[in-house]
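Q: Before we start, here is the structure in question, set down as structure tokens.
The values are calculated or read from the model by the stated rules, or taken from the named source; none is laboratory data. Since the structure is predicted, the reported quantities are computational estimates derived from the model, not experimental observations. Cβ sites come from the backbone with ideal geometry, for glycine too, and all protein chains shown count toward neighbours. We work out accessible area using only protein heavy atoms, side chains counted, and drop any ligands, DNA or RNA first. Shrake-Rupley method; radii C 1.70, N 1.55, O 1.52, S 1.80 Å.
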Amino acid sequence: MHKIFYPTLLILLLGGTSFAQTVTMRAAPQDDAPTISRHIYGHFAEHLGRCIYGGFYVGDTSNIPNREGVRLDVVAALRDLKIPNLRWPGGCFADTYHWKDGIGPKEDRPSILNVWWGNVKEDNSFGTNEFLNMCELLDTEPYLSANVGSGTPQEFADWIKYTNHPAGTSPMPSLRAEYGREEPWKVKYWGIGNEAWGCGGNMRPEYYADLYRRFATYASDWNNTDGIYKIASGASGGDYNWTKVLMENIPKNLIDAIALHHYSVIDWGNKGSAKEFTEEQYFATMAEALKMEEFVAKHVAIMDEHDPEKKVDLFVDEWGGWYDVEPGTNEGFLYQQNTMRDAMIAGTTLNIFNNHADRVKMANLAQAVNVLQAVILTEGEKMLLTPTYHVMKMYAVHHDATLIPLEFESPTYTHDGESLPAISASASRDSSGNVHISLVNIDAGKAHTIELDVAALNLGSLTGEILTSAALQDHNTFERPDHVKTAPFTGATLRNGKISLELAPFTLVVLKAGE
């Protein structure tokens, strides 16, 4: 078989200086270039604040248009986003959740106290059937987080049988049929515990590795004929020992992925306002967001050492911005606004995931509705799309596309004597041959002129889309739901095999170059 090489793309970045900085964007051989899994663009829904109740689920007696209690405006917005997967029921909630409390007639379901998030009553009206049926409405893959902290292997195995096994084969599928669902949902992705180093049990990695082995053993049969994809609770940020211990102690036939969590928090004791922040706070937030590159690279290096064939994937199944809650709201509900700062977090982080597509196969933004860096906010019957939603939609062109690896030196964004890379980028080629290039300028005050040498691509067309605004603090409200939104980008030109454009401060552009 002949290897086909993508042509070299040259990027010149001019950052307010009189000379041009030449940056080379090189492509790997087509046969070897990894695919950017669409699952990198996944989402997360926890029983936390108004994510489920009032966000996804309003009940079937609500005046808000719904299907079996699931609000249809949220479904339509997420379908338009082409979300590939949705993680549930947690988060910290997962390791106190017993799935049998959330099945059967709703009037018979026991209530519990949600001790993790606000000490509010959880009536279990939204359970396994409701979630998995909602995933079918969303046309998305479910990702279930099993209870390891307070659950048992038997409870875990029963849940798999309830969701996946054919009717009549054992008591659990028969129970599913009794509760109105004859055919199994065939859930593929199963997280075995969540944040086992913290709210999932405050475990040592050695202890969790042994516990994981026990739970994973009962997930399927010898040959895994159910096709269960088993995900270990992974590290927080730079805890590389956690990954090392798991890779050394869990047999590869029992594990398919290791998770990683990282939030862009500047101070856990004083996170700051989501919408009233200084450039100093913005810079610090972006410094935390950009640490994702280091964390992914170093965890991957450990995984490569113990798994050179890359059989175990890395799932960054919690990431995003985290600030103080909006004034007057329950501190345990984690409701926050979403600004252009969050768009910068999303754009740079997704570029990092794209560029590590050989090992990063799933990621889950926290969280989908009304919690942390949400893509959707609701208030009663009203709904709005956040700047982060628009970034995720712009980047959907990378779903299952072939990565074009890039090499370039970014100009710097400097504040108070500290510097960060100003430009973030990733590129891919889709199944139709179109090349998409995502460019982000996080600099709060300086534009950068970019020139891409694409002569060898023989491109005959060029379009683009932009997300920008007048201030970093700009956001959408229910009174002004379209204050921040995307627009066609006409500032790029294609002449003599070169694409030229200026990237304004805190701006994101996605270019499409066709043949």
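Q: For G201, indicate whether it is of a type outside the set (K, R), modelled with pLDDT of 95 or more, part of a loop (DSSP other than H, G, I, E, B) and open to solvent by less than 50 Å² (accessible area, probe 1.4 Å). So that I can check it myself, show each step before the final result.
A: Numbers: of a type outside the set (K, R): yes; modelled with pLDDT of 95 or more: yes; part of a loop (DSSP other than H, G, I, E, B): yes; open to solvent by less than 50 Å² (accessible area, probe 1.4 Å): yes.
Judged against the criteria, G201 is a match.
Q: Mind telling me which of the residues T243, T217 ends up being β-branched (V, I, T), open to solvent by 20 Å² or more (accessible area, probe 1.4 Å) and either modelled with pLDDT of 95 or more or out of contact with any Lys or Arg (no Cβ under 7 Å at 6 or more places or on another chain) (or both)?
A: T217
Q: Can you list residue pairs whose Cβ atoms sit under 6 Å apart, with the first residue in segment 33-59 being within 21 Å of D80 (Cα to Cα) and open to solvent by less than 10 Å² (accessible area, probe 1.4 Å) and the second being basic (K, R) and assigned to a loop (DSSP other than H, G, I, E, B)? Count only pairs 6 or more apart in sequence or on different chains.
A: Every condition considered, no pair remains.
Q: Hey, another quick one. Condition (residue is open to solvent by 10 Å² or more (accessible area, probe 1.4 Å), within 24 Å of the chain's Cα centre (by Cα) and not hydrophobic (A, V, I, L, M, F, W, C)) applied to segment 119-131: is it met by at least one residue?
A: Yes; the residues of segment 119-131 include at least one that is open to solvent by 10 Å² or more (accessible area, probe 1.4 Å), within 24 Å of the chain's Cα centre (by Cα) and not hydrophobic (A, V, I, L, M, F, W, C).
Q: Additional query: If you take the residues of segment 220-240 that are more than 20 Å from D317 (Cβ to Cβ) and polar (S, T, N, Q), which of them is surrounded by the fewest Cβ atoms within 10 Å (Cβ to Cβ)? Even if it seems obvious, please write down each step before you answer.
A: The first filter runs over segment 220-240 and keeps only residues more than 20 Å from D317 (Cβ to Cβ), leaving 220-226.
Next cut, polar (S, T, N, Q) only: 220, 223-225.
Numbers: S220: 17, N223: 6, N224: 14, T225: 8.
Filtering first and then ranking leaves N223.
Q: Okay, moving on. Assuming G118 fulfils every condition listed in (1) modelled with pLDDT of 95 or more; (2) within 26 Å of A196 (Cα to Cα); (3) not polar (S, T, N, Q) apart from one, which condition is it?
A: Here G118 meets the rest and fails (1).
Q: Also: Please find, within segment 167-180, the residue that is modelled with the lowest pLDDT out of those that are open to solvent by 50 Å² or more (accessible area, probe 1.4 Å) and closer than 17 Å to G104 by Cβ. It would help to see each step written out before you state the result.
A: In the first step, residues of segment 167-180 are kept if they are open to solvent by 50 Å² or more (accessible area, probe 1.4 Å); the result is 168-169, 171, 174, 178-180.
Then drop every residue that is not closer than 17 Å to G104 by Cβ, which leaves 171, 174, 178-180.
Values: P171: 96, S174: 96, E178: 96, Y179: 96, G180: 93.
If we take residues in segment 167-180 being open to solvent by 50 Å² or more (accessible area, probe 1.4 Å) and closer than 17 Å to G104 by Cβ, then G180 is modelled with the lowest pLDDT.
Q: So, one more: Restricting to segment 428-466, what's the tally of residues that are in contact with a Phe, Trp or Tyr (Cβ under 9 Å, 6 or more places away or on another chain), closer than 24 Å to E288 by Cα and either at pLDDT 95 or above or not basic (K, R) (or both)? Let's see the steps before the verdict.
A: Residues of segment 428-466 that are in contact with a Phe, Trp or Tyr (Cβ under 9 Å, 6 or more places away or on another chain), as a first pass: 429, 435-436, 438, 440-446, 456-457, 463-466.
Applying the additional criterion that residues be closer than 24 Å to E288 by Cα yields 438, 440-446.
This time we only want the ones that are either at pLDDT 95 or above or not basic (K, R) (or both), so: 438, 440-445.
Of the residues in segment 428-466, 7 are in contact with a Phe, Trp or Tyr (Cβ under 9 Å, 6 or more places away or on another chain), closer than 24 Å to E288 by Cα and either at pLDDT 95 or above or not basic (K, R) (or both).
Q: OK, next. Collect the residues in segment 443-490 that are of a type in the set (D, E, K, R) and closer than 16 Å to F506 by Cα, keeping them in residue-number order.
A: Of all residues in segment 443-490, those of a type in the set (D, E, K, R) come to 443, 446, 451, 453, 465, 474, 479-480, 482, 485.
Scanning segment 443-490 gives D443, K446, E465, D474, K485.
Q: Return the pairs, sorted by first residue and then second, in which the second residue is among the hydroxyl-bearing types (S, T, Y), the first residue lies in segment 396-423 and is closer than 14 Å to L350 by Cβ, the beta carbons are less than 6 Å apart, and the residues are 6+ apart or on different chains.
A: H398/S428; A401/S428; L403/S428
Q: Okay, next question. Across segment 296-341, what is the number of residues that are open to solvent by less than 30 Å² (accessible area, probe 1.4 Å), part of a loop (DSSP other than H, G, I, E, B) and among the polar types (S, T, N, Q)?
A: So the count comes out to 3.
Q: Here's a follow-up. Report, by residue number, each residue of segment 420-452 that is over 30 Å from K361 (Cα atoms) and surrounded by fewer than 23 Cβ atoms within 10 Å (Cβ to Cβ). So that I can check it myself, show each step before the final result.
A: Step one: of segment 420-452, the residues over 30 Å from K361 (Cα atoms) are 444-449, 451.
Those that are over 30 Å from K361 (Cα atoms) and surrounded by fewer than 23 Cβ atoms within 10 Å (Cβ to Cβ): A444, G445, K446, A447, T449, E451.
Q: Those residues that are over 18 Å from Q336 (Cα atoms) and in contact with a helix residue (DSSP H, G or I) (Cβ under 8 Å, 6 or more places away or on another chain), I need them from segment 472-502; list them, please. It would help to see each step written out before you state the result.
A: The initial filter retains those residues of segment 472-502 that are over 18 Å from Q336 (Cα atoms), namely 485-502.
Those that are over 18 Å from Q336 (Cα atoms) and in contact with a helix residue (DSSP H, G or I) (Cβ under 8 Å, 6 or more places away or on another chain): K485, T486, N496, G497, K498.
Q: Does segment 263-289 hold any residues that are part of a loop (DSSP other than H, G, I, E, B), of a type in the set (F, W, Y) and either closer than 29 Å to A146 by Cβ or modelled with pLDDT under 95 (or both), and which are they? Even if it seems obvious, please write down each step before you answer.
A: Quick first cut of segment 263-289, residues part of a loop (DSSP other than H, G, I, E, B) only: 265-278.
Retained after the next criterion (residues that are of a type in the set (F, W, Y)): 268, 277.
Passing the criteria: only W268.
Q: Here is a list: I376, I352. Which entry is touching a helix residue (DSSP H, G or I) at 6+ places or on another chain (Cβ under 9 Å) and closer than 20 Å to H475 by Cα? Show your work before the answer.
A: Values: I352 fails: closer than 20 Å to H475 by Cα.
Every option except I376 fails the conditions.
Q: If I ask for residues that are outside any helix (DSSP H, G or I) and farther than 21 Å from L144 by Cα, which ones from segment 244-262 would you list? Before you say what the answer is, go through the steps one by one.
A: So in segment 244-262, the residues outside any helix (DSSP H, G or I) come out as 250-251, 255-262.
Scanning segment 244-262 gives a single hit, P251.
Q: Ok, one more. Can you tell me which of (1) within 21 Å of A447 (Cβ to Cβ); (2) open to solvent by 10 Å² or more (accessible area, probe 1.4 Å) is the one P387 doesn't meet?
A: For P387, the exception is condition (2).
Q: Another question, then. Taking D101, is it under 30 Å from D358 (Cβ atoms), open to solvent by 30 Å² or more (accessible area, probe 1.4 Å) and modelled with pLDDT of 95 or more? Let's see the steps before the verdict.
A: Details: under 30 Å from D358 (Cβ atoms): no; open to solvent by 30 Å² or more (accessible area, probe 1.4 Å): yes; modelled with pLDDT of 95 or more: yes.
Here the answer is no, as D101 does not meet what is asked.
Residues are listed down the side, and each one gets a yes or a no for (1) of a type in the set (S, T, N, Q); (2) outside any loop (DSSP other than H, G, I, E, B):
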{"residue": "D95", "(1), (2)": "no, yes"}
{"residue": "P110", "(1), (2)": "no, no"}
{"residue": "L137", "(1), (2)": "no, yes"}
{"residue": "L144", "(1), (2)": "no, yes"}
{"residue": "S150", "(1), (2)": "yes, no"}
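Q: Within segment 384-400, can one find any residue that is more than 17 Å from H475 (Cβ to Cβ), out of contact with any Leu (no Cβ under 9 Å at 6 or more places or on another chain), at pLDDT below 95 and of a type in the set (A, V, I, L, M, F, W, C)?
A: Within segment 384-400 (the criterion being more than 17 Å from H475 (Cβ to Cβ), out of contact with any Leu (no Cβ under 9 Å at 6 or more places or on another chain), at pLDDT below 95 and of a type in the set (A, V, I, L, M, F, W, C)), the answer is no, since none of the residues qualifies.
Q: Conditions: (1) in contact with a helix residue (DSSP H, G or I) (Cβ under 6 Å, 6 or more places away or on another chain); (2) part of a loop (DSSP other than H, G, I, E, B); (3) not small (G, A, S). V75 meets all but one. Number of the miss?
A: Answer for V75: the failing condition is (2).
Q: Determine whether E409 is among the acidic types (D, E), more than 19 Å from the chain's Cα centre (by Cα) and at pLDDT 95 or above.
A: It is false that E409 is among the acidic types (D, E), more than 19 Å from the chain's Cα centre (by Cα) and at pLDDT 95 or above.
Q: Please state which one of E155, E183 is acidic (D, E), under 24 Å from D101 (Cα atoms), modelled with pLDDT of 95 or more and in a loop (DSSP other than H, G, I, E, B).
A: On the way: E155 fails: in a loop (DSSP other than H, G, I, E, B).
Result: E183 is the single residue among E155, E183 that is acidic (D, E), under 24 Å from D101 (Cα atoms), modelled with pLDDT of 95 or more and in a loop (DSSP other than H, G, I, E, B).
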